[in-house]
Amino acid sequence: MRRKIAAQFLVSNIATLANFVLTIILARILTPSDVGIFSMCVVLIGIAHVFRDFGVTAYLKQEKEINDQTLSGAIGLLFVCSIVTGLLMFFSASFWVDFYGEPAVEPVVKVLAAGFLLIPFGAIPQALLMREMDVTRSAWVTAVSTVIYFVASIGFALAGAKHMTMAWANLVNIIVSGLAFNYVLPQSLRWKPSFHGWRKILGFGTGNLVSALMKTADTALPDILLGRLSNAFNVGLFSRANSTVNIVGLVIHPTIYFFAVPYMAKTHHAHGNLSREYLKSSSIVNCLMLPALAWVAIMAHEIVSVLYGSQWLGAVVVIPWLSLMCAAATIFLMAGYAVTGIGKPHAVIAPLFIALLAKFGAVFLLYDGTMVSFSMALALGQIAAMPFFLWSVAHYLGVDVVEWTKSTLKPAMVWVPVAVGYYFLHAEIMSDWNYFLKLLLGAGLYAAMTLSGYLMLNIPVRDELLRIVLEMQIRMRVRR
């Protein structure tokens, strides 16, 4: 299992690096308004995607046994949901023009909606590969789709597609990914849709639909609200700030997404200790992501200046607050995957809904027309929902609150002092350094101090670090 996780981590991060480079290149070609228009459309399509999938792919990942009839029913339901949702989005595109007051959103929505008709051809094979945790075949598809999307995006941008750049590149990527996933499957799928098992799938899918809808709405809320309260330029700056913070998540999220649901499902079906597995995985995720988010918040000005250029510096003031919001969400990142793995995706509906309401209320109370007040409101809303997420994992996974508190606070004994010390180092000693030097040497120093501190604590990430060191030593001896 560890070898599979390591392989998936490597593959997903190569893809992440490629997309990161693509973001930098596009930031030099496209304007904040171009990015803002696309972002406003993407959040709408993101919500529609929840209805398009209706939990079918999650069902296939967590179901104990799958036969031809079950698969046929899943294919039938996914095609119906995808076609209906795609057509609704396509023909409602003009409505979003009136909603945003921006005519340019209509063609973007239509192109993105057209992709809905093709997504099932890739979504079903992908879910089956993830169910079996087949890293090799999935990695091949990831490599192909990453290259195609990279080339298509740059090509469309240079051709003057402007705000349509990512929309057309996305459609090309959907077609290529669908073909690739079907090509790598060990056995060809029989694409025979049916109504078999819809009732069971819909029962699971309803809970998954609502929880996924809450997650998507939570992600979409900032762009929708800011689009209404401000303009496309500020939405573009906010989107760039958000993507900068999400660089941290992009490093680890794809690996978690690939393994979490099927792994928790297998643990559940084998009557394993869900609480222990949840605390262990959450501790490792927190140890990796929380200090990284703190570093991004401290280095926001340098990151934006070096990667995107001066036209994006308006995003800098937003990044610390978005880092705080992301940190509060990261602490319970594994909760959604865990409850979905045990067939109870509805378990996180209430906490997600409370987080959504808290953010909306905080924006209503605190927003004064500035990007800082808007991002601060989002962070405070996410923090307000944390006790409800804790109740959910305690109730559904049997997690002891005291043990969770110890598991969460123990790594903070390392990364919080390191982050504070680095903040003063950055402000007092590194203030006159070259930006490139700050980023390269600063990141190395920060990581070294954090990981060294972890080795002194009895926490799960220490065991993983020691195992990595031991394996490296063994390989070096073998080579000699």
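Pull out a ≥ b ≥ c, the square roots of the eigenvalues of the alpha-carbon gyration tensor of the range 377-424, then state rounded if a/c is under 1.5, prolate if not and a/b is larger than b/c, and oblate in the remaining case.
It comes out oblate by the Cα gyration axes.
Does a label point 7 Å from the Cα of Val97, set along Cα-to-beta-carbon, have any residues of the range 205-245 with amide nitrogen under 11 Å, and which are they?
Answer for this model: none.
Sorted by accessible area with a 1.4 angstrom probe, largest first, how do His346, His271, His426, His49 fall?
Final ranking, largest accessible area leading: His271, His346, His49, His426.
Taking each pair of distinct Cα atoms in the chain once, what is the resulting Kirkwood hydrodynamic radius in Å?
With all distinct Cα pairs of the chain included, I get 23.5 Å.
Based on Cα positions only, what radius of gyration and what Dmax would you give for the range 348-400, in angstroms?
Considering the range 348-400 through its Cα atoms, Rg and Dmax are 13.1, 43 Å.
Would you calculate a helix-derived [θ] at 222 nm for the chain, using -39,500 (n - 2.57) for each DSSP H run of n ≥ 4 and dividing by the full residue count, to the nearest 500? Display every interim value, and only then the final one.
Working: 21 runs with 391 residues, N = 480.
Helices in the chain give a 222 nm mean residue ellipticity of -27500 deg cm²/dmol.
Work out which GluC sites (Glu not before Pro) in the chain are exposed loop sites (DSSP not H, G, I, E or B, at most 16 other Cβ within 10 Å) and give the longest gap free of them.
On the way: sites that count: Glu65, Glu132.
In short, 133-480.
For the range 103-168, count the residues as N, evaluate 2.2 N^0.38 Å, and divide the Cα radius of gyration by that value, please.
1.37
With viscosity set to 0.890 mPa s at 25 °C, what whole-number translational diffusion coefficient in µm²/s follows for the range 27-124 from Stokes-Einstein and a Kirkwood radius over Cα pairs?
Value of D from the Cα-based Kirkwood radius: 166 µm²/s.
So for each of 73-80, 453-460 I average, over its residues, the number of other beta carbons within 10 Å; can you give me the resulting order with the highest mean first?
73-80, 453-460
Using a ≥ b ≥ c from the Cα gyration tensor of the range 323-422 (square roots of the eigenvalues), is it rounded, prolate or oblate, where a/c under 1.5 gives rounded and otherwise the larger of a/b and b/c decides, a/b for prolate?
oblate
Mind ranking 197-204, 108-115 by how tightly packed they are, going by the mean number of other C-beta atoms within 10 angstrom, highest first?
108-115, 197-204
Can you give the FRET efficiency to the nearest 0.05 for Lys266 and Leu409, using r as the Cβ-Cβ distance and R₀ = 45 Å? Display every interim value, and only then the final one.
On the way: r = 30 Å, r/R0 = 0.66.
E(calc), rounded to 0.05, equals 0.90.
Take the Cα gyration tensor of the range 102-227, multiply each eigenvalue by 5, square-root it, and list the three semi-axes largest first, rounded to whole angstrom.
Computed over the range 102-227, the values are 28, 23, 14 Å.
Under the Karplus relation 6.51 cos²θ - 1.76 cosθ + 1.60, θ = phi - 60°, what is the ordered set of whole-Hz ³J(HN,Hα) values for the range 275-280, x standing for Gly and Pro?
In residue order, the calculated couplings are 4, 5, 5, 5, 5, 5 Hz.
For the chain, with only Lys/Arg (+1) and Asp/Glu (-1) charged at the beta-carbon, what is the dipole magnitude about the Cα centre, in debye rounded to 20? Numbers along the way, then the final one.
Working: 32 positive and 22 negative charges, 282 e Å.
Computed charge dipole of the chain: roughly 1360 debye.
Which whole-percent values make up P(r) of the range 262-330 when all C-alpha to C-alpha distances are grouped in 10 Å steps starting at zero?
Pairs per bin, as whole percents: 18, 32, 23, 16, 10, 1.
Would you mind computing, in nm to one decimal, how far apart the modelled labels at Phe360 and Ile175 are, each placed 7 Å from Cα along Cα→Cβ?
3.9
The values are calculated or read from the model by the stated rules, or taken from the named source; none is laboratory data. None of the values given here were measured: they were computed from a predicted structure. Methodologically, a virtual Cβ is constructed for each residue, glycine included, from the backbone with ideal geometry; neighbour enumeration extends over all protein chains shown. Heavy atoms of the whole protein, side chains included, go into the accessibility calculation; ligands, DNA and RNA do not. Shrake-Rupley method; radii C 1.70, N 1.55, O 1.52, S 1.80 Å.
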